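Asker: One structure, as structure tokens, below. Some questions next.
The values are calculated or read from the model by the stated rules, or taken from the named source; none is laboratory data. Note that the structure is a prediction, hence the values are computed from the model and not measured. Cβ atoms come from the backbone with ideal geometry, glycine included; neighbour counts cover every protein chain shown. Keep in mind that these areas ignore ligands, DNA and RNA; they rest on the heavy atoms of the full protein, side chains included. Shrake-Rupley method; radii C 1.70, N 1.55, O 1.52, S 1.80 Å.
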Amino acid sequence: MIFFIILIVLAIVLVSTCVKIVPQAHSFVIERLGVYKETWSVGLHFKIPFLDRVSRKVNLKEQVADFEPQPVITRDNVTMQIDTIIFYQITDPKLYAYGVENPIVAIKSLTAIVGDLELDETLTSRETINAKMRTELDVATDPWGIKVNRVELKNIIPPRDIQEAMEKQMRAEREKREQILRAEGEKKSAVLIAEGKKEAAILNAEADNQAAVLKADAEKKKRILEAEGEAQAILSV
């Protein structure tokens, strides 16, 4: 009796281990006697005991690989550090399981595409580099069942001497802009002062002219009145 109970319990345990549920956004790669058999998608599945095994559980959701800064030599022989983030998704679980031993390490080695560019291009063409890296990585990882959706070049760290030269250049440009702004301010100030003096001179001249006209009119009226007074005196005699 106990023997049959043990057999029943073992059978239940064996059957339970052969029943697999694949969750959403996942796939299971199944091998039979060490050879690829099939890929299970979402749902309930059964495997043959002792013959089938789950070789790999694959996550089909978009994933992020954030790589540490790594050295890259540009086309003009300048060594710099680049810091990248890659957004990728597994599209073929079989190719992903058997295509390459460590896909993420392989992807990391492919990010050295920046080495095909010169220093100035790497510092000024970040969007172009992102697009180029995404295209080339997507093509390179396709045989591994991986699709690269997006590449973000977070940071480009040039050598220390180049950083110092760039900082000096930026300081020089800032000082140049300050000098230009100061000169323009002084020029505008001088122009305003000159225009003010010119307007003051014009106003003074106009005032003097009006004063002379008024004085002449007053003298003219005075002479007229004096002449009229003399004429009346003569007539009265």
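Asker: Can you give the extra length, in nm with one decimal, that the chain gains between A216 and S189 once fully stretched, where that is 0.36 nm per residue apart less the Cα-Cα distance?
Answerer: The A216-S189 span can extend by a further 5.7 nm.
Asker: How would Y98, Y88, Y36 line up by accessible area, probe 1.4 Å, largest first?
Answerer: Y98, Y36, Y88
Asker: Using the Kirkwood radius over C-alpha pairs as Rh, can you work out the diffusion coefficient of region 1-47 via Stokes-Einstein at 20 °C, viscosity 1.002 mPa s, in µm² per second?
Answerer: For the chosen part, D equals 172 µm²/s.
Asker: Please list 192-198, 29-35 highest first by mean number of surrounding beta-carbon atoms within 10 Å per residue.
Answerer: Packing order, densest peptide first, comes out as 29-35, 192-198.
Asker: Find the accessible area per residue for region 1-100; the probe is 1.4 Å, ligands and nucleic acids are left out, and the unit is Å².
Answerer: Per residue, region 1-100 has an accessible area of 63 Å².
Asker: On to the next question. Along Cα→Cβ, 7 Å out, is where each label goes; now give me the distance between the ones at K197 and D138 in nm to one decimal.
Answerer: 6.9 nm
Asker: May I ask you to rank D138, D52, D217 by accessible area, largest first, using a 1.4 Å probe over the protein chains only?
Answerer: These residues rank, largest area first, as D217, D138, D52.
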